[in-house]
Amino acid sequence: MAKHTLAVLVDNSSGVLARVASLFARRAYNIDSLAVGPTEDPAISRMTIVVNVEGHALEQVIRQLDKLINVIHVSEIKPAKSTQEELVLVKVKNNPRVESIVTKFGAKIVDSSEDALIIESTNSPALNEELLDSLKQFGVIEFVQSGVVALSHGASALADQTLDIQSISTDRQADYQN
Amino acid sequence: MSNQITGAQSLVKSLEAAGVDVMFGLPGGAILPAYDPIFDSKIRHILVRHEQGAGHAAEGYAQVTGRAGVCIATSGPGATNLVTPLADAAMDSVPVVAITGQVPGPAIGTDAFQEADIRGITMPFTKHNFLVTDPREIPTAVAQAFHIATTGRPGPVLVDVAKDALQAMTEFNWPKEIKLAGYRIPGEPDAQSIADAAALIAESKKPVFYVGGGVIKSNASAELKELAEKVGAPVVTTLMALGAFPDSHPQHLGMPGMHGSVSAVTALQKADLLITLGARFDDRVTGKLSSFAPKARVIHVDIDPAELGKNRSVDVPINGDLKAVIKALIPAIKQKPEMGAWWSALNKLKATYPVGYDKPADGSLAPQYVIERIGQISGSDSIYVAGVGQHQMWTSQFINYEKPRTWLNSGGAGTMGYAVPAAMGAKVGAPDTTVWAIDGDGCFQMTNQELVTCALNNIPIKVAIINNESLGMVRQWQTLFYKGRYSNTDLKSKMVPDFVKLADAMGCVGLRCEDPSDVDATIEKAMSINDQPVVIDFRVNRDSMVWPMVAAGTSNDDIMIARETAPDWDSQEL
């Protein structure tokens with residue numbers, strides 16, 4: 001099994017997340033992480049889904065997703081040509097040695113109290129995992145992490161793929177009734 | 001304000017604008033506002049006795065006409081009773097539009113009386129569904145529902161409308177065009193793929209046309225015949241494709257799969273090329289997938305790109321409408337492949353192992369004989385609708401299908417109880433055609449209440465109950481795989497109910513036949529009655545089994561022609 005990051009443009013309408021989640025559940029595809037948010041177009045939301053599947057199954061995941069009427073476009077975001085990051089907030093016991101580790105990972109301390117620190121790190125999943133490992137020695141009290149979000153490099157946008165929308169006249173409604 | 005109408009009126013006007021001429025339904029609280037304008041509409045509304053019947057009737061109507069079938073029900077249990085037919089329609093790609101009432105918008109999510117999240121429930125097996133809470137959205141939702149249900153790979157679409165949206169005042173604006181950013185109907189097939197497919201066909205020595213139900217949906221039977229004759233290769237038609245290619249055609253080898261003919265199953269197994277047209281490599285066709293057609297390269301044509309490579313890897317995938325693809329493929333075929341040895345081996349198999357049956361030694365009625373005689377007497381212009389089980393397989397095997405849309409069954413979902421309501425819908429869609437429901441005694445007892453609907457609405461279908469007083473296919477598996485331990489398959493349907501009296505009570509003519517010598521006269525009697533539904537209780541031998549058989553999960557190479565009897569492969573040349 002290998003992880004693949006999918007960028008999915010969907011209609012910004014109610015029930016879409018349920019449709020996507022239901023598809024993954026009923027076809028037994030593994031979701032590693034999922035993040036949903038708005039896009040530059042208020043009618044469209046963007047999901048970033050990290051799936052854990054073999055090569056052949058990946059094609060199936062993409063095609064089945066694409067069959068959902070509310071899914072406008074699906075693309076795989078290749079790691080080498082993209083930036084893929086997740087946000088982690090970690091609460092550790094306060095220790096003066098934490099700061100150098102935080103600096104090393106390009107993270108920052110966003111809250112400091114007498115007995116605890118909250119560290120914010122926006123980074124690749126692998127580096128965030130390393131950061132968490134490095135912090136364990138001080139006592140991790142709790143942590144929370146977002147799904148991965150990803151953008152491919154260069155000037156092209158995913159939404160470029162969605163401009164060509166079929167338009168069918170309803171004068172022909174009687175035709176597809178026949 | 002003169003343009004203001006209720007949401008309910010807008011819904012009915014939308015259905016009229018979508019070209020609906022008939023719908024099957026049953027009113028209730030949440031959908032009640034819509035039933036007032038339905039009372040005045042030119043759309044014929046057929047009042048069913050159970051919403052499941054409405055759903056299967058919509059399927060039957062759709063399958064014989066090619067148009068969307070429409071069913072309508074109220075919220076909660078009314079809507080959930082549509083769940084089985086919608087799941088059925090999804091599995092068999094049947095265009096159905098279901099309209100359901102929903103509790104008023106402000107009550108949604110409060111566990112209100114007769115509330116069920118039917119949009120959520122039906123998400124997995126509708127092609128799409130809508131929850132409409134704003135009356136202005138009703139026309140667009142209906143227009144999109146019909147567009148989605150009937151184009152591309154057909155399928156069921158549900159439109160759930162909140163009661164307050166039906167009651168509110170609104171304007172009716174039928175959309176001039178449908179624009180769905182996430183929905184695309186495939187265009188013309190890619191020329192390179194057509195050329196690649198033609199090249200594979202030209203170099204093949206053992207090609208087979210593996211034809212699925214898509215050919216019927218695409219109305220491509222004539223094109224298929226032309227292509228098949230130009231290539232000269234054998235044709236097998238799946239359970240969903242019976243009638244897509246004439247059974248009587250010399251190139252036709254029968255049906256592949258679990259209860260397919262030896263020649264059809266073996267042709268696929270030994271083929272070097274599968275020309276797959278609108279079929280989906282279902283497990284009931286492939287048997288154990290890893291041993292299916294091991295030497296074959298695969299051309300796979302389907303309108304649904306997600307089918308290409310789903311179960312079997314493909315050498316030439318072609319995404320497109322079958323009619324367009326076949327039309328493009330015909331001129332690309334320059335000559336017939338050399339198939340002399342292939343045909344001589346297949347013809348030998350076909351002659352040695354025709355699908356047949358043994359008459360019961362005790363002189364009781366053979367179910368296969370009954371079905372065979374119905375087919376011979378009623379002929380290939382009639383429509384045959386089966387339930388699910390042994391009788392379904394025998395109806396697929398022992399009736400000759402010469403034309404598309406003359407054979408209806410629940411193929412993918414295997415829904416017992418499909419036959420009577422689907423036959424009702426079929427008869428409404430094709431009122432001048434003889435429609436036979438060939439049903440099991442188990443299936444019949446699930447949905448026979450729709451015979452009341454048939455009797456009251458001048459829908460004179462004919463029902464042949466193949467009464468072996470058992471859940472016959474389950475019993476067959478118990479015979480073969482559970483040492484004859486018949487746990488809960490004995491229905492005692494020769495004791496109760498009395499199907500003749502039941503038919504009579506429902507306003508139908510009831511007939512009974514238990515002697516082989518009475519079969520023809522009984523069928524002819526049924527054929528002579530055209531002003532009432534007819535139900536025949538054919539009391540048949542309960543131990544008859546469906547053969548050939550590939551046991552579930554085993555290889556097609558292990559096909560059995562009778563119990564513990566494999567074909568004599570040593571004498572075959574394949």
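Might you check whether a residue that is in contact with a strand residue (DSSP E or B) (Cβ under 8 Å, 6 or more places away or on another chain), assigned to a helix (DSSP H, G or I) and either crowded, with 22+ Cβ neighbours inside 10 Å or free of Cβ contacts under 8 Å to residues at least 24 places away in the same chain (or both) occurs anywhere in segment B:358-370? Yes, the conditions are met somewhere in segment B:358-370.
Can you work out which of the residues in segment A:1-29 that are among the charged types (D, E, K, R) and surrounded by fewer than 18 Cβ atoms within 10 Å (Cβ to Cβ) is farthest from residue A:69 (Cα to Cα)?
The first filter runs over segment A:1-29 and keeps only residues among the charged types (D, E, K, R), leaving A:3, A:11, A:19, A:26-27.
If we keep only those that are surrounded by fewer than 18 Cβ atoms within 10 Å (Cβ to Cβ) too, we end up with A:3, A:26-27.
Working: A:3: 25, A:26: 17, A:27: 17 Å.
The extreme case among them is A:3.
Within segment A:160-173, identify whether any single residue is within 14 Å of another protein chain (Cβ to nearest Cβ), touching a helix residue (DSSP H, G or I) at 6+ places or on another chain (Cβ under 6 Å) and not hydrophobic (A, V, I, L, M, F, W, C), and answer yes or no. Step through it out loud before you land on a result.
Residues of segment A:160-173 that are within 14 Å of another protein chain (Cβ to nearest Cβ), as a first pass: A:160-173.
Right, trim to touching a helix residue (DSSP H, G or I) at 6+ places or on another chain (Cβ under 6 Å) and you get A:170.
Right, trim to not hydrophobic (A, V, I, L, M, F, W, C) and you get A:170.
Yes, segment A:160-173 contains at least one residue that is within 14 Å of another protein chain (Cβ to nearest Cβ), touching a helix residue (DSSP H, G or I) at 6+ places or on another chain (Cβ under 6 Å) and not hydrophobic (A, V, I, L, M, F, W, C).
Checked against the criterion of being more than 14 Å from every other protein chain (Cβ to nearest Cβ), touching a residue at least 60 places away in the same chain (Cβ under 8 Å) and under 18 Å from the mean Cα position of the chain (by Cα), the candidates B:34, B:62, B:54, B:68 yield just one match: B:54. When each of A:77, A:119 is tested for being away from every other protein chain (no Cβ under 14 Å) and over 15 Å from the mean Cα position of the chain (by Cα), the lone residue that passes is A:119. Among the numbered conditions (1) in contact with an Asp or Glu (Cβ under 7 Å, 6 or more places away or on another chain); (2) within 14 Å of another protein chain (Cβ to nearest Cβ), the only one that residue B:313 does not meet is (1). Taken over segment B:136-193, the residue count meeting the criterion of being within 11 Å of another protein chain (Cβ to nearest Cβ), touching a residue at least 40 places away in the same chain (Cβ under 8 Å) and assigned to a helix (DSSP H, G or I) is 7.
Hey, any hits in segment B:260-276 for a residue that's out of contact with any Gly (no Cβ under 9 Å at 6 or more places or on another chain), small (Gly, Ala, Ser) and within 14 Å of chain A (Cβ to nearest Cβ)? Scanning segment B:260-276 turns up no residue that is out of contact with any Gly (no Cβ under 9 Å at 6 or more places or on another chain), small (Gly, Ala, Ser) and within 14 Å of chain A (Cβ to nearest Cβ). Given the residues B:451, B:456, B:480, B:471, which is the only one that is within 26 Å of residue B:82 (Cα to Cα) and either free of Cβ contacts under 8 Å to residues at least 40 places away in the same chain or out of contact with any helix residue (DSSP H, G or I) (no Cβ under 9 Å at 6 or more places or on another chain) (or both)? Exactly one of B:451, B:456, B:480, B:471 is within 26 Å of residue B:82 (Cα to Cα) and either free of Cβ contacts under 8 Å to residues at least 40 places away in the same chain or out of contact with any helix residue (DSSP H, G or I) (no Cβ under 9 Å at 6 or more places or on another chain) (or both), namely B:456.
Residue A:35 fulfils the conditions (1) within 13 Å of chain B (Cβ to nearest Cβ); (2) at pLDDT 95 or above except for a single criterion, (1).
If I filter segment A:42-61 for residues that are part of a loop (DSSP other than H, G, I, E, B), at the interface with chain B (Cβ under 10 Å from one of its Cβ atoms) and surrounded by 13 or more Cβ atoms within 10 Å (Cβ to Cβ), do I get at least one hit?
The initial filter retains those residues of segment A:42-61 that are part of a loop (DSSP other than H, G, I, E, B), namely A:42-43, A:54.
Restricting the remaining residues to those that are at the interface with chain B (Cβ under 10 Å from one of its Cβ atoms) gives A:43.
Subset that is surrounded by 13 or more Cβ atoms within 10 Å (Cβ to Cβ): none.
Within segment A:42-61 (the criterion being part of a loop (DSSP other than H, G, I, E, B), at the interface with chain B (Cβ under 10 Å from one of its Cβ atoms) and surrounded by 13 or more Cβ atoms within 10 Å (Cβ to Cβ)), the answer is no, since none of the residues qualifies.
When B:512, B:485 are checked against the criterion of being surrounded by fewer than 20 Cβ atoms within 10 Å (Cβ to Cβ) and within 23 Å of residue B:377 (Cα to Cα), B:512 stands alone in meeting it.
With the structure loaded, tell me whether residue B:100 is within 12 Å of chain A (Cβ to nearest Cβ), buried (at least 24 other Cβ atoms within 10 Å of the Cβ), touching a Leu at 6+ places or on another chain (Cβ under 9 Å) and among the hydroxyl-bearing types (Ser, Thr, Tyr) or whether it fails that test. Give the steps one after another, and end with the answer.
Values: within 12 Å of chain A (Cβ to nearest Cβ): no; buried (at least 24 other Cβ atoms within 10 Å of the Cβ): yes; touching a Leu at 6+ places or on another chain (Cβ under 9 Å): yes; among the hydroxyl-bearing types (Ser, Thr, Tyr): yes.
For residue B:100, the condition - within 12 Å of chain A (Cβ to nearest Cβ), buried (at least 24 other Cβ atoms within 10 Å of the Cβ), touching a Leu at 6+ places or on another chain (Cβ under 9 Å) and among the hydroxyl-bearing types (Ser, Thr, Tyr) - is not met.
Checking each residue in segment A:7-25 for being outside any helix (DSSP H, G or I) and touching a Gly at 6+ places or on another chain (Cβ under 7 Å) picks out only A:11.
The values are calculated or read from the model by the stated rules, or taken from the named source; none is laboratory data. Here the structure is a predicted model, which means the values were calculated and not measured. Ideal geometry is used to build each Cβ from the backbone, glycine not excepted, and the neighbour counts take in all protein chains shown.
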